[in-house]
There are 2 protein chains.
Amino acid sequence: MTSDIPHIIIGRLPLYLRALSRLKKEGYNYASSRELGKLLDISPAQIRKDLSHFGELGKRGKGYEIEFLISKLNQILNIDTLWDMIVIGAGDLGSGLARYKGFSDRGFRVSAIFDIDPQKIGKSIGNLVVRDFNEMCDYVAENKVQIAVLAIPAQNAQSVIDDLVEVGITAILNYAPIYIKTPAGVQIEHIDPSVHLQKLSYYLK
Amino acid sequence: MTSDIPHIIIGRLPLYLRALSRLKKEGYNYASSRELGKLLDISPAQIRKDLSHFGELGKRGKGYEIEFLISKLNQILNIDTLWDMIVIGAGDLGSGLARYKGFSDRGFRVSAIFDIDPQKIGKSIGNLVVRDFNEMCDYVAENKVQIAVLAIPAQNAQSVIDDLVEVGITAILNYAPIYIKTPAGVQIEHIDPSVHLQKLSYYLK
DNA sequence: TAGATTGTTAATCGATTAACAATC
DNA sequence: TAGATTGTTAATCGATTAACAATC
């Protein structure tokens, strides 16, 4: 069922969703590809083409019904349920992620946070308590968690990811500033602010 | 001088840099496009093609001299000096960014952090003190800062970005979960963990 | 010299866009 | 019906890759 829709198209769906939520909040019922395109700096043709991969989701002459398209995209992206995630690393970043209020609206929830540092284990962060990383394996198995967020230094990332994959994690959001390959069937996305900043600085005088 | 090198190529240069730093740390002096490609999951041909835009940077039969290529890429990406950045928003994320140790190696430094919340203004974060956002304009002018990092809620992002652009900021790293267009000459990059997670969840069963 | 790897051209592949018939 | 906007095809554009002569 991991169909053959190109990843580059999947990557735009969350952006459509974000724009649609905004329009909905502003009270609109319909959005045309032209309106969405203007909001996102994406050509109307591309938006229509992207969406057409998933059926005829619009109404000719009217545009897309916002409520309907949101629920459709939620379905496609598999976020009509709330996914539990674990966070690895209880430093500034990990703590921030554990406390972040923005996930639940978008389909996710941090259900546990782990660290290896005895100083941090047992500490409260939001409504979670930092657990010993050694308990990660049992926790994932018992709670059938599939998503992990990595907020640890680069040097430990490879071995931790090996562990995560072994216990059955299949989706990883990696904040460690290092590229890591995962076996087929395990998806990974990378966030490294320095990489973005370096792209920006190219254009500075 | 914002030459006509495609942005997609510029976007890979920081990755090359990261891989090269790693190899350097491991004691290597030369890296071939094949080795770099394996580390990054990028084809050797693409790496050679990308780099060839900036001159003949390699040695036939040997590969690329790591030290030399690092300094060349630093030059190209404009990070052979340390850029000052300001952070807007002193919540969990902003504080984390202000304390983050990983920037200085990569060409950047947080030189000030701002908030509008009187409760936060004056508080210490790392070796910085949270400033009143109303002083942002003066600060940027006096210190000739060009880069801003936005760590505030989506609803305020547009007006804050308007302010930033007006006082002369030309590069923005935006953590607010909203797409915002900037005038020509002002570059912006977006980081939204929920967007990445939604891409990942598409592949979950 | 033999072996290796670059730099670069030409071919391929895939993504974006223009255009318009279909239709609400 | 007239106006608007989709869904989709075909054309265009741009990025990736294969292949190999150049050369260290």
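Residues A:Asp50, A:Asp4: which one is within 23 Å of the chain's Cα centre (by Cα), within 14 Å of chain B (Cβ to nearest Cβ) and open to solvent by 20 Å² or more (accessible area, probe 1.4 Å)? Before the answer, list the steps.
Details: A:Asp50 fails: open to solvent by 20 Å² or more (accessible area, probe 1.4 Å).
Only one candidate passes the filter, namely A:Asp4.
Just to be sure, is B:Leu36 within 14 Å of chain A (Cβ to nearest Cβ), touching a helix residue (DSSP H, G or I) at 6+ places or on another chain (Cβ under 6 Å) and more than 11 Å from DNA strand D (Cβ to nearest atom)?
Working: within 14 Å of chain A (Cβ to nearest Cβ): yes; touching a helix residue (DSSP H, G or I) at 6+ places or on another chain (Cβ under 6 Å): yes; more than 11 Å from DNA strand D (Cβ to nearest atom): yes.
Yes: the conditions hold for B:Leu36.
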Within region B:98-118, identify whether any single residue is over 24 Å from A:Asp192 (Cα atoms) and touching a Leu at 6+ places or on another chain (Cβ under 9 Å), and answer yes or no.
-> no
(1) closer than 28 Å to A:Asp4 by Cα; (2) within 13 Å of chain B (Cβ to nearest Cβ); (3) open to solvent by less than 40 Å² (accessible area, probe 1.4 Å) all hold for A:Asp80 apart from (3)
For region A:54-75, the count of residues that are away from chain B (no Cβ under 12 Å) and more than 8 Å from DNA strand D (Cβ to nearest atom) equals 8
Yes or no: B:Ser104 within 16 Å of DNA strand D (Cβ to nearest atom), surrounded by fewer than 18 Cβ atoms within 10 Å (Cβ to Cβ) and at pLDDT 95 or above?
-> no
Within region A:160-182, tally of residues that are more than 22 Å from B:Tyr16 (Cα to Cα) and open to solvent by 10 Å² or more (accessible area, probe 1.4 Å) = 8
Residue, farthest from the other protein chains (Cβ to nearest Cβ), within region B:154-196, restricted to residues that are closer than 23 Å to B:Leu77 by Cα and β-branched (Val, Ile, Thr) | B:Val165
Could you please give the count of residues in region A:84-100 that are facing chain B (nearest Cβ under 10 Å), surrounded by fewer than 21 Cβ atoms within 10 Å (Cβ to Cβ) and under 14 Å from the mean Cα position of the chain (by Cα)?
-> 1
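Name the single residue, out of those in region A:162-181 being among the β-branched types (Val, Ile, Thr) and over 17 Å from the mean Cα position of the chain (by Cα), that is farthest from B:Gly37 (Cα to Cα).
Residues of region A:162-181 among the β-branched types (Val, Ile, Thr): A:165, A:167, A:169-170, A:172, A:178, A:180.
Add one more test, that the residue is over 17 Å from the mean Cα position of the chain (by Cα), and what stays is A:165, A:167, A:178, A:180.
On the way: A:Val165: 23, A:Val167: 28, A:Ile178: 14, A:Ile180: 12 Å.
Checked region A:162-181; the qualifying residue farthest from B:Gly37 (Cα to Cα) is A:Val167.
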Name every residue in region B:164-184 that is out of contact with any helix residue (DSSP H, G or I) (no Cβ under 7 Å at 6 or more places or on another chain) and farther than 18 Å from B:Gly94 by Cα, in order of residue number.
-> B:Val165, B:Glu166, B:Thr170, B:Lys181, B:Ala184
Could you tell me whether any residue of region B:20-30 is surrounded by fewer than 17 Cβ atoms within 10 Å (Cβ to Cβ) and either within 13 Å of DNA strand D (Cβ to nearest atom) or within 16 Å of B:Ile8 (Cβ to Cβ) (or both)?
-> yes
Taking region B:32-47 and keeping only residues that are open to solvent by 90 Å² or more (accessible area, probe 1.4 Å) and near DNA strand C (Cβ under 8 Å from one of its atoms), one is left with B:Arg34
State whether one or more residues within region B:191-205 are in the same structural domain as B:Ile88 (by TED's automatic domain parsing), open to solvent by 30 Å² or more (accessible area, probe 1.4 Å) and farther than 23 Å from A:Lys144 by Cα.
-> no
Would you check if there is a residue in region A:106-113 being assigned by TED's automatic domain parsing to the domain that holds A:Met136 and out of contact with any helix residue (DSSP H, G or I) (no Cβ under 9 Å at 6 or more places or on another chain)?
-> yes
Please work out which residue is farthest from B:Thr182 (Cα to Cα), limiting yourself to region A:8-31 and to residues that are away from DNA strand C (no atom under 12 Å from the Cβ) and touching a strand residue (DSSP E or B) at 6+ places or on another chain (Cβ under 6 Å).
-> A:Ala31
Name the residues in region A:40-53 that are aliphatic (A, V, I, L, M) and more than 6 Å from DNA strand D (Cβ to nearest atom), would you?
-> A:Leu40, A:Ile42, A:Ile47
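Restricting to region B:122-143, count the residues that are open to solvent by 10 Å² or more (accessible area, probe 1.4 Å) and touching a residue at least 24 places away in the same chain (Cβ under 8 Å). Working first, answer last.
Step one: of region B:122-143, the residues open to solvent by 10 Å² or more (accessible area, probe 1.4 Å) are B:122-124, B:126-129, B:131-135, B:137-139, B:141-143.
Then keep just the ones that are touching a residue at least 24 places away in the same chain (Cβ under 8 Å); that gives B:123, B:126, B:128, B:133, B:137, B:139, B:141, B:143.
Adding up the residues that qualify gives 8.
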Given the conditions (1) surrounded by fewer than 17 Cβ atoms within 10 Å (Cβ to Cβ); (2) over 30 Å from A:Lys120 (Cα atoms); (3) away from DNA strand C (no atom under 12 Å from the Cβ), every one holds for A:Gly61 apart from (3)
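The values are calculated or read from the model by the stated rules, or taken from the named source; none is laboratory data. Just so it is clear, the model here is predicted, and its values are computed rather than measured. When we count neighbours, we look across all protein chains shown, and the Cβ atoms used for this are built from the backbone with ideal geometry, even at glycine. Remember, those area values only see protein heavy atoms, side chains included, never the ligands or the DNA or RNA. Shrake-Rupley method; radii C 1.70, N 1.55, O 1.52, S 1.80 Å.
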